[in-house]
1. Could you run the Karplus curve 6.51 cos²θ - 1.76 cosθ + 1.60 with θ = phi - 60° over the range A:115-127 and give me ³J(HN,Hα) per residue in whole Hz, x for Gly and Pro?
2. Cα-based count: Lys pairs in chain B below 21 Å, eight or more positions apart or different chains?
3. Of all DSSP beta bridges located in the range B:2-76, what percent are antiparallel, nearest 5?
4. So if the hydrodynamic radius of the range B:1-137 is defined as the Kirkwood radius over C-alpha pairs, what does Stokes-Einstein give as its diffusion coefficient at 10 °C and 1.306 mPa s, in µm² per second?
5. From the backbone phi of the range B:158-168, what are the Karplus-calculated ³J(HN,Hα) couplings (6.51 cos²θ - 1.76 cosθ + 1.60, θ = phi - 60°) in whole Hz, Gly and Pro given as x?
6. Filter the trypsin sites (Lys or Arg not before Pro) in the range A:167-209 down to the DSSP loop ones having no more than 12 other Cβ atoms within 10 Å, then list what survives.
7. Report the longest stretch of chain B that contains none of the GluC sites (Glu not before Pro) sitting in a DSSP loop with at most 16 other Cβ atoms within 10 Å.
8. Karplus couplings for the range A:177-185 from phi (6.51 cos²θ - 1.76 cosθ + 1.60, θ = phi - 60°), rounded to Hz, Gly and Pro as x?
There are 2 protein chains.
Amino acid sequence: MKFYDCQTAPSPRRVRMFLAEKGVELETEQVDLGAGDQFSEEFRRVNPDCVVPALVLDDGTCLSEAIAICQYLEELHPEPPLFGTSPVERACVSMWNAKIEQQGLWAAADALRNYAKSFRGRAVSGLDSYEQIPELAERGRRRAERFFHRLDEQLADRPFVAGNNFSVADITALAFVDFAKWVKLEIPEDAGNLRRWYEEVSKRPGAAA
Amino acid sequence: MKFYDCQTAPSPRRVRMFLAEKGVELETEQVDLGAGDQFSEEFRRVNPDCVVPALVLDDGTCLSEAIAICQYLEELHPEPPLFGTSPVERACVSMWNAKIEQQGLWAAADALRNYAKSFRGRAVSGLDSYEQIPELAERGRRRAERFFHRLDEQLADRPFVAGNNFSVADITALAFVDFAKWVKLEIPEDAGNLRRWYEEVSKRPGAAA
């Protein structure tokens, strides 16, 4: 089993945090996204979608998409449980992971990739070239800011995003909050619940990953 | 348990197809998205994100996000299995569901919501108002077209999207292909594998849902 990572990118960080919470180490290869290594012939044979994280199993299956990789690792290493322990809890973890991806992470990615010089002609991840859309960068910023408040409301009466237990939804949320800093978005002053949560989860072993 | 549906929308259709494959019926309420019923005070108390599908459990928990609702229903009604039956198969189903959402469904949604008159000022689902971005409609079209070919490649040497068995990933893919017609995108002539798959899955009981 081999994990393809990029130390500077938010999506593979989700897998690194997950592994750290589980106390698991994997054979890892760094893919330098800044240098375009994801488009090399060699990596395209690993993952034709040209993105990390990717996890190649011993039978040659390539898993990509952070949540699918984490789900697979959860089955191999069930303790501590990070996907919930009852049907309702598992569904809430899955729901919040999806909300954070769509309303948070992808919004912040829109803001960065449609604005930063280094993403010119690469405004969408993957092999195809897409020009930047400045209005979409603005929309992404606005959506990410709004989502800080949505998370703040959610954390008003529960310690973690999906309920009483730390889960992969908190990992996705932490990846979002730290990634948003790349486009100079910080947790708003009045989002006290989100601040409290952020301080706590940032102390966890996985947060440094 | 109560299912909030909208008969004309692609995301709740994923849940309807899933229920039909399971042979399960739920108490259902239609939410008229065209009339703006998702923004009513009443529905905002059900789901503050103002989207369907939503599934309200007997304890009051509101599940939204199609994949989370389907996952919960899978646990209540395990047969026939639609999320895979081994760790690798489950991970492939989860990965393909994510790819189809991001590269297919959301791309087609960008194409529709940033173009159609009926979505002016509502280019993003949810309560906040966002103006349309015509360039994003174009990008969405191009991405959705590209994704037809990605699905076609994936179906070259396997009967279903995630492998040998029909799964929730096929349901998401069918929702994408049919939704793409709304922006006049059809499976390309040369995508023979995708055409073969589409003909087969369109005959299933769930497809009419």
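The numbers here are math on the coordinates, done by the rules we state, and not lab data. All of these numbers come straight from a predicted model, not from anything done at the bench. In this analysis, Cβ positions are derived from the backbone assuming ideal geometry, glycine residues included, and neighbour counts consider all displayed protein chains.
1. Karplus-based 3J(HN,Hα) across the range A:115-127 equals 10, 5, 3, 5, 9, 4, x, 9, 6, 10, 5, x, 6 Hz.
2. 6
3. Taking every DSSP beta bridge within the range B:2-76, about 60 percent pair in antiparallel fashion.
4. 98 µm²/s
5. 8, x, 10, 4, 9, x, 7, 10, 4, 9, 4
6. A:Lys184, A:Lys203
7. B:26-130
8. Taking θ as phi minus 60°, the curve returns 4, 6, 5, 4, 4, 4, 10, 6, 9 Hz for the range A:177-185.
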